[in-house]
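The values are calculated or read from the model by the stated rules, or taken from the named source; none is laboratory data. Just so it is clear, the structure is predicted and the values come from calculations on it, not from any experiment. Glycine gets a Cβ as well: all are built from the backbone with ideal geometry, and neighbour counts include every protein chain shown. Just so you know, the surface numbers come from the protein's heavy atoms only, side chains and all, with ligands and any DNA or RNA stripped out. Shrake-Rupley method; radii C 1.70, N 1.55, O 1.52, S 1.80 Å.
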Amino acid sequence: MAHDRTIPDRSESATWLASQLARGFTRALQARAAKLGFSPGQFPILLELWEEEGLTQRQLLDRVDVEQATIANTLARMERDGLIERRVHPKDKRAQQIFLTDKARDMREEAMAAAEAAEQAIFQGFRRFEKELLKEYIRWAIANARKL
């Protein structure tokens, strides 16, 4: 007996839509970020360290909300690319604090401008209130997802 179920339209799936939006933002930021010397995946970590240097990998993990392996690989690439340096934590010799290099500190303004340009490209044609409303809905959905 054949199943007579139609394949659901992917554009009706919030999960699919969210992943496409994230991919779109990454693409929009990719070229701009590459010129400055970082990748879109490194941007959330840069944001945290621009706010507060000397965080441990654990603290970054909690703030950025990615998998342990992902953050470890990203930090290794950032160190290799001269964006961060690790120092032994003064109170816990097993932990390391993560600091930005001058290169990463100096790119902050341009990186923020690149992210803003990417956001403007993604939200082209949106009226201000539509953009703000969509961001509010996204924040709400993220808050719900974090409860899971």
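Counting protein heavy atoms only, the chain has 53 percent of its accessible area on carbon and sulfur, 1.4 angstrom probe. For ARG87, ARG80, the ranking by accessible surface with the largest value first comes to ARG80, ARG87, using a 1.4 Å probe. Model label sites at ALA18 and VAL64, defined 7 Å from Cα along the beta-carbon direction, differ in position by 2.0 nm. Taking only the alpha carbons of the range 1-128, we obtain Rg and Dmax values of 18.7, 68 Å in that order.
Going by Cα centres, the range 113-148 and the range 39-92 are how many Å apart? When both Cα centres are located, 24 Å separates them.
Contact order, relative form, for the range 69-148: 16 percent (alpha carbon pairs under 8 Å, 6 or more residues apart, mean separation divided by residue count).
Counting charges near GLU110 (Lys, Arg +1; Asp, Glu -1) among other residues having Cβ under 12 Å from its Cβ returns a value of +2. Relative to the first principal axis of the alpha-carbon coordinates of the chain, what is the inclination of helix 14-36, with its axis defined by its Cα atoms, in degrees from 0 to 90 and to the nearest 10? In the chain, helix 14-36 runs at an angle near 40 degrees to the longest axis.
Calculated [222 nm] ellipticity per residue, helices only, for the chain: -20000 deg cm²/dmol; basis is -39500 (n - 2.57) per DSSP H run with n ≥ 4, divided by all residues, nearest 500. R0 = 25 Å: FRET efficiency of GLU110 with ALA76, Cβ-based, nearest 0.05? Efficiency computed from Cβ-Cβ geometry: 0.55.
Sequentially through the range 108-125, phi angles give Karplus couplings (6.51, -1.76, 1.60; θ = phi - 60°) of 3, 4, 5, 5, 5, 5, 5, 5, 5, 5, 5, 5, 4, 5, 5, 9, 4, x Hz, Gly and Pro residues having no value and appearing as x. For the pair LYS103 and GLU51, the difference between a 0.36 nm per residue extended length and the Cα-Cα distance amounts to 17.1 nm.
For the range 52-148, the number of Lys pairs with C-alpha atoms closer than 29 Å, counting only pairs eight or more positions apart or on separate chains, is 4. Checking the a/c ratio against 1.5 first, then a/b against b/c, what shape does the Cα gyration tensor give for the range 73-148? Oblate is the answer for the range 73-148, as a/c is 1.5 or above yet b/c matches or exceeds a/b. Solvent-accessible surface of the chain, taken per residue with a 1.4 Å probe and all protein chains present: 72 Å². With contacts taken as Cα pairs under 8 Å at a separation of at least 6 residues, the range 1-99 carries a relative contact order of 21 percent.
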